[in-house]
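Here is the structure we will look at.
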Amino acid sequence: DTGVSQNPRHKITKRGQNVTFRCDPISEHNRLYWYRQTLGQGPEFLTYFQNEAQLEKSRLLSDRFSAERPKGSFSTLEIQRTEQGDSAMYLCASRKGFTEAFFGQGTRLTVV
Amino acid sequence: QKEVEQNSGPLSVPEGAIASLNCTYSDRGSQSFFWYRQYSGKSPELIMFIYSNGDKEDGRFTAQLNKASQYVSLLIRDSQPSDSATYLCAVGSNFGNEKLTFGTGTRLTIIP
């Protein structure tokens, strides 16, 4: 499978715990995006990378969220001290240059 | 004003008719425009992209872009029940800062 891969697909965690999600983009895609989507809403931008550089981070994103993309390949999104409001689908997308972006299957996070 | 606006619907269209979905955006410097289809519980799937003013056709789908009016639309001809989904409009910002911003989506229902 050469598409965008996200792991895990589902994550249930207790409030206050830390979670980490992984995204493997399509090979040679230099741009990688993280979005969060809640029911009935469009994907909300969180952050994006061009190669290993994090070029923009949403000002709506609290300091509990951090993302990395070491070596410009896979990326991780970590949420510290999870809250119930963090429950959502976390989507990763990648693109090459200014071409179309392709999404992974998403990671559904439930904070209990 | 939201950066990307869509009518949330629901939009109901009889099978075989033309479905028309609309999107407006606020950033005049936007350069790339995308339509994604999202089935319930799934991640967005790219169906069309357009960069230049005018129409772009791909099978039953036609994307229309009018940069002067900051308007992009998607027409679906010969609508099928399988077209029932939420359609997301995404806009890429200026070259050099290619954040993709999504609208909230329009829920389309094709009535057999």
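The values are calculated or read from the model by the stated rules, or taken from the named source; none is laboratory data. No experiment lies behind these values; they were computed from the predicted model shown. In this analysis, Cβ positions are derived from the backbone assuming ideal geometry, glycine residues included, and neighbour counts consider all displayed protein chains.
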- May I ask you to list pairs of residues, at least six apart or on different chains, whose Cβ atoms are under 8 Å apart, with the first in segment A:35-58 being at the interface with chain B (Cβ under 7 Å from one of its Cβ atoms) and in a strand (DSSP E or B) and the second being among the basic types (Lys, Arg) and buried (at least 16 other Cβ atoms within 10 Å of the Cβ)? A:Phe45/B:Lys99; A:Tyr48/A:Arg31; A:Tyr48/B:Lys99; A:Glu56/B:Lys99
- Message: Let me spell it out: the conditions are (1) at pLDDT below 95; (2) touching a Phe, Trp or Tyr at 6+ places or on another chain (Cβ under 9 Å); (3) more than 26 Å from B:Gly41 (Cα to Cα); (4) buried (at least 16 other Cβ atoms within 10 Å of the Cβ), and A:Arg69 meets all of them except one. Which number is the exception?
- Response: (1)
- Residue that is modelled with the lowest pLDDT, among those in segment B:24-44 that are over 16 Å from the mean Cα position of the chain (by Cα) and more than 10 Å from every other protein chain (Cβ to nearest Cβ): B:Gly29
- Query: Quick one: which of A:Thr2, A:Thr38 is closer than 24 Å to B:Ser40 by Cα, out of contact with any strand residue (DSSP E or B) (no Cβ under 9 Å at 6 or more places or on another chain) and surrounded by fewer than 15 Cβ atoms within 10 Å (Cβ to Cβ)?
  - Reply: A:Thr2
- Message: Based on this model, can you work out whether A:Thr2 counts as of a type in the set (S, T, N, Q) and either part of a strand (DSSP E or B) or more than 10 Å from chain B (Cβ to nearest Cβ) (or both)?
- Response: yes
- Task: Give me a count of the residues in segment A:97-112 that are surrounded by fewer than 16 Cβ atoms within 10 Å (Cβ to Cβ) and part of a strand (DSSP E or B).
- Result: 1
